Amino acid sequence: MSAIEAHNLGKRYRKAGVGAPTLRDALKRAFLRKPMEDFWAVRGLTFKIEPGCTIGVIGANGSGKSSLLGLVAGTITPTEGTVRANGRISSLLELGAGFHPNLSGRENVFLNAAILGIAREDVRKRFDAIVEFAGLRDFIDMPVKHYSSGMYVRLAFAVAVEMKPDVLLVDEVLSVGDTAFQTKCLNRIMDFKRRGKTILLVSHALETVEQFCDEVMLINQGRLVQRGPPGEVIFNYLRTYLAHVGQLTVEEYGTREVEIRHVRLLDGAGQEAAKFTTGEPLHVEVTYHANRRIENPVFGFSLKTGNGTYLFGSNTQILNYRIAAIEGTGVMRLTINPLTLMAGRFLLSLSIHSWDHSVQYHRQEDLYPFLVKDDPDHHGVVQLSTKWELKPGP
């Protein structure tokens with residue numbers, strides 16, 4: 001029996017226009033017989049998720065990810081199709097949505113659990129564990145209207161995860177709270193995974209999705225466009241969708257006296273690739289076109305992590321590789337060998353500028369994402385060449 005199963009699932013909303021509704025608008029629609037416009041948040045979704053699987057859901061803002069989780073949780077009613085989840089569900093969708101501001105944290109624990117369908121006796125047995133996880137023992141009898149947003153989220157998360165669900169639905173809540181609490185939440189989710197629970201996770205933190213998920217579903221404009229291994233689906237999302245909807249910090253600028261026309265990322269075998277391996281070569285072929293003769297051009301690149309942390313940058317000037325002049329079409333080849341980046345998602349930027357840096361001919365910022373896989377026995381961002389040596393004491 002599948003943990004979650006959907007068939008031709010769809011949810012339609014009616015768009016009534018912008019601004020507050022007025023009598024004039026209502027009369028206009030009635031006399032003109034102008035129907036309200038339909039908007040499908042999700043449509044035609046058919047999939048099965050087996051027990052014990054952790055499935056990530058990714059997509060641009062407004063693609064239908066949260067609506068999908070609401071449909072699975074039962075908080076949203078389908079317009080068409082069916083969806084069924086088997087076992088106890090715990091939904092981390094809008095944390096604290098059932099909290100009453102004038103009640104204490106203690107009272108809201110019982111209230112929130114009741115909304116989730118959890119027996120009062122079960123809550124009483126687990127109350128101390130809930131408070132301990134949330135780290136709010138000194139504030140549990142204070143009205144939650146005096147809580148900070150972080151305290152509010154911590155308590156709501158603690159209630160949801162302490163109820164031992166069979167299916168856990170998580171919607172972007174891990175981005176809330178301090179780093180220590182986020183780590184605590186991720187460790188609890190990993191514990192669910194080890195115990196064979198089913199997890200459906202929506203997140204824009206693609207590194208987290210790739211780390212935790214067995215498979216990833218890519219949703220675009222309410223439809224399922226791809227499902228498969230995390231690395232492949234995430235790379236397709238980066239290259240095909242994000243750059244077109246402005247969710248990467250992609251920038252292109254310059255005089256275009258020299259243009260970057262085409263870029264290929266190649267592996268050690270000379271094959272165009274999306275995923276590379278730590279310790280092996282990465283080649284970047286840049287096809288350019290100079291509209292006039294350019295003296296002493298400089299070709300450069302930089303690398304960032306998937307979340308925008310700058311890692312390294314260099315250029316032909318720094319390396320004393322002087323190019324006398326270029327004109328017309330040509331190819332510049334950059335080789336990184338060995339590639340010392342560890343597993344993760346990275347962003348490549350390319351540029352061509354003048355020798356004195358006064359003219360930027362063409363710069364492409366974060367336009368070329370790629371993935372790296374490595375030996376799972378090592379951890380971090382880069383691989384360093386290391387050696388241990390035991391020396392005798394004095």
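Throughout, read-outs are computed from the coordinates displayed, never taken from laboratory work. Just so it is clear, the model here is predicted, and its values are computed rather than measured. Note that each Cβ is placed from the backbone with ideal geometry, even for glycine, and that neighbours are counted across all protein chains shown.
Ordered from longest to shortest, the equivalent ellipsoid semi-axes for the range 105-188 are 18, 17, 11 Å, each the square root of 5 times a Cα gyration tensor eigenvalue. Indicate the gyration tensor shape class of the range 42-84 (rounded, prolate or oblate), computed on the Cα atoms with a ≥ b ≥ c the square roots of the eigenvalues: a/c under 1.5 is rounded; otherwise a/b larger than b/c is prolate and the rest oblate. Judged from the Cα gyration tensor, the range 42-84 comes out oblate (a/c at least 1.5, b/c at or above a/b).
Cβ crowding within 10 Å ranks Val381, Val72 as Val381, Val72, fewest other Cβ atoms first. For the chain, the Cβ-based charge dipole about the Cα centre amounts to some 1300 debye (Lys, Arg positive; Asp, Glu negative; other atoms uncharged). Taking every DSSP beta bridge that has both ends in the chain, the antiparallel portion is near 75%. The 3J(HN,Hα) values that the Karplus relation (6.51, -1.76, 1.60; θ = phi - 60°) gives for the range 315-322 are, in residue order, 7, 5, 5, 4, 8, 6, 9, 8 Hz. Gly and Pro appear as x.
Highest mean packing first, where packing is the average number of other Cβ atoms within 10 Å per residue, the peptides 220-232, 117-129, 266-278 line up as 220-232, 266-278, 117-129. Normalised by the number of residues in the chain, the average gap of Cα pairs under 8 Å and 6 or more apart makes the relative contact order 15 percent.
Here the dipole of the range 251-373 is about 160 debye; that uses its Cα centre as origin and unit charges on the Cβ of Lys and Arg (positive) and Asp and Glu (negative). The Cα-based radius of gyration of the chain, divided by its Kirkwood radius, gives an Rg/Rh of 1.07. Only helices enter this figure: runs of n ≥ 4 DSSP H residues, each worth -39500 (n - 2.57), summed and divided by the residues of the chain, yield -7000 deg cm²/dmol at 222 nm to the nearest 500.
Taking every alpha-carbon pair under 8 Å whose residues sit at least 6 apart, the range 284-394 reaches a relative contact order of 28 percent.
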